[in-house]
1. Could you give the size of the charge dipole of segment 571-683 about its Cα centre, using +1 on the Cβ of each K and R and -1 on the Cβ of each D and E, expressed in debye and rounded to the nearest 20?
2. Normalised by the number of residues in segment 318-420, what is the relative contact order in percent for Cα pairs under 8 Å and 6+ residues apart?
3. With an 8 Å Cα cut-off and a minimum separation of 6 or more residues, compute the relative contact order for segment 504-576 in percent.
4. With point charges of +1 on the Cβ of Lys and Arg and -1 on the Cβ of Asp and Glu, referenced to the Cα centre of segment 504-576, which listed residue (MET560, ALA515, ALA575) lies farthest in the positive direction of the dipole?
5. I need the peptides 169-175, 673-679 ranked by packing, meaning the mean over residues of other C-beta atoms within 10 angstrom, with the highest value on top.
6. What ranking do ASP371, ASP681, ASP687 get, fewest neighbouring Cβ atoms within 10 angstrom at the top?
7. Just want the ordering: PHE433, PHE571, from fewest to most Cβ atoms lying within 10 Å of their own Cβ.
8. Please provide three numbers in whole Å: the alpha-carbon extents of segment 585-692 along the principal axes, with the largest listed first.
Amino acid sequence: MLDAVFKPRGVAVIGASSKELHIGNRVIRNLVDFGFTGGIYPINPKADEIRGLKAYKSLLDVPGDVDVAHMVIPAKFVPMAMEDCGKKGVQHVIINSGGFSETGPEGEKIEKAFLEVAAKYGIRVFGPNCQGVINTDPAYRAYCNFTFTFPGPGAISIVALSGGVAEVIHQGFAAAGVGTRIYASNGNACDVSIPEIIDYLAGDEGTRVIVTYVEGLREPAAFLEAVTNAAARKPVLAMKAGRTAEGAKAAASHTGGLAKEDLATDLIFDRAGALTFTDEGEMIQAAIAFASQPLPKGSRVGLITNTGGPAVIATDILVGAGLTLPPLSDATQARLKETLFPEASVKNPVDVLATGTAEHYRACMDAMMEDDAFDAVLVHFVTPFFVDTDSIAREIAEVNRQRKKPLVCNLMTDRKQWTETVGILKEAEVPFFALPGEAARAMASLVRYHKIQSRPAGEIQTFTEIRAEKARGILENAQAAGRNQLAAEEVYRILDAYGFPTASWRTADDPDAAAKAAEEIGFPVVLKADAASVLHKSDMGGVAVNLADADAVREAAERMQSNIDADDLRFFVQAFVPDGLEVILGAKSEPGLGHLLMFGLGGIFVEVLKDVVFRLTPVTDAEAGRMLEDITGAPLLEGVRGQKGVDRAALASLIQRLSRLVSDLPEIAEMDLNPVKALSDRVVVVDARIAL
Ligand code: ADP
Ligand code: MG
């Protein structure tokens, strides 16, 4: 339980300092200035008092209970100080000092040493090399942290490994005049982990929104579980760094190459139902909207404005994000016509005109709040000098207090001059932003969360006629022989065992045998070179398609024999599948998580368009369906310009079959089915590769 670190009654600072610019001084100052409700105990063997507080020579001299002890001392003294903490009954230690595992093996040793002591006494450690925590709850007002932004009480909690980013987010809320609830930045996270903190925040009643920032995950499975649980209870807004640096080096038809290095984090967020962001400003603004607004029940937005252009900008952004702007019903239009100026426009957006009054705004907001055609309301509000803007703000505030539907405001003003107007909105917790785009994107985030929450999870399809043991035997054989790439025959036998629809095939040792195999399959056929060194067959002249007779097969095989320099060269003969859209399915092992599954347009499209999407295994039927919808080329699957669509149900099933295969056989490091020919009534795998 993390209660003690977030709700301490007594805090000691080991390494308290009289020097103003020292962390051991700043933490004490922050506790005092923020109004910490518990006891503050500076520990310093040489000083009698620090910042006006009595200092103690040793932690063991402190008269009161100490729940949290900060350590602001050189790393080498930490294990010893931890002993004192154990004897004193300290529950949590926040180690602000650095010099541990982040510096190398020496520091790692010290980290291990103090962890052993902590374990002996049941002490939980926060950090080291971290900022610490803040809890704005008036009952505690615990500022166990050395930063300098003093937040007001609020409903947004922040958790991040990186103190720098946590502070940026924190400052963003403070600058917007929005309070926060709990702040946690745990640096090296040697003990108390991010998933644990997220779990805590999920259960914290005062936290309405969780904002988190990560840079790759150490415990992906625990993280997935924590975020899944939290996101089911409250919005989790998440961001991770290092996207572009990892950029996709798309090696053709390699799932591994197409998957960005840290793609798994995004997939975890997606699976867990968190809302992801690529821009910290956008995440901060969305959090402000989530903190005070009810969640929308759909994506239909009503816009009200007293100036034209900004509403147009917002409209573009909303529509681009998949939201809709339904027209006002005839009845509502008629009602507004009676109230608004005759020149006002009662379409959506409703333009009350610059001279529009508080009464006008109110009539529009009421109409949209009451009309079932709208799920949310976006108010644009420029503050002209010739209208009573305070009254307009009061009406917006009043409607916002009713919490009927989410309301977001784009407030275009000079905040220094219109202090009263701004103050009214702030006081009422209206989320207002200075740009139409910011307001629109915050609104889009509210709706995006609604969509995530209402998407069906689906079920994992069970396949009955699977011969898992047979497939496992084939794998183990290859492993025993020390081979990482499976031969074509092994790959296709595994696919057969798992019921994948493949084009009929035979293997052959020489050109004559290939010709004979082709006759058995029936023409036309495809001939492929099969050798350990041949990864991309067509690049090496190892694929001959649409061969019409035995002579053509023999000739093609002889050509491959003379062109391809491989002692183990064999032939793979396969029925030719003339038509169909080429798609790719792939899987890549993700240690600690299972596999990433990939689906997209195959063949040459893979290299050029990289139109692929990923999910984590196991993939449910609903998720497989969404994978088909999520590629840019989705209309190709449905059929365009008179072309027939492909058998999407069969494709979705193939995705799930692959999910099952790699879940059963976790030794598979990477696997591609490229291409799969998708036809109107079936799908056929015509090339496959498995690497262990
Ligand atoms: P590789 O990917 O190793 O170069 P493939 O087996 O994928 O080799 O063959 C290359 C291309 O040849 C495929 O992308 C596909 O367009 C075509 N092809 C391969 N096998 C068949 C087949 N059985 N029927 C029709 N076309 C095929
Ligand atoms: Mg291929």
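Throughout, read-outs are computed from the coordinates displayed, never taken from laboratory work. All of these numbers come straight from a predicted model, not from anything done at the bench. For neighbour counting, all protein chains shown are included, and Cβ atoms are generated from backbone atoms with ideal geometry for every residue, glycine included.
1. For this selection, approximately 200 debye.
2. Over segment 318-420, the number comes to 24 percent.
3. Computed over segment 504-576, the figure is 50 percent.
4. Towards the positive end, the residue furthest out is ALA575.
5. Result, highest mean Cβ count within 10 Å first: 673-679, 169-175.
6. Numbers: ASP371 18, ASP681 8, ASP687 26.
Listed from fewest to most nearby Cβ atoms, that is ASP681, ASP371, ASP687.
7. Values: PHE433 21, PHE571 27.
Going from sparsest to densest Cβ surroundings: PHE433, PHE571.
8. The Cα atoms of segment 585-692 stretch 45, 27, 22 Å along their principal axes.
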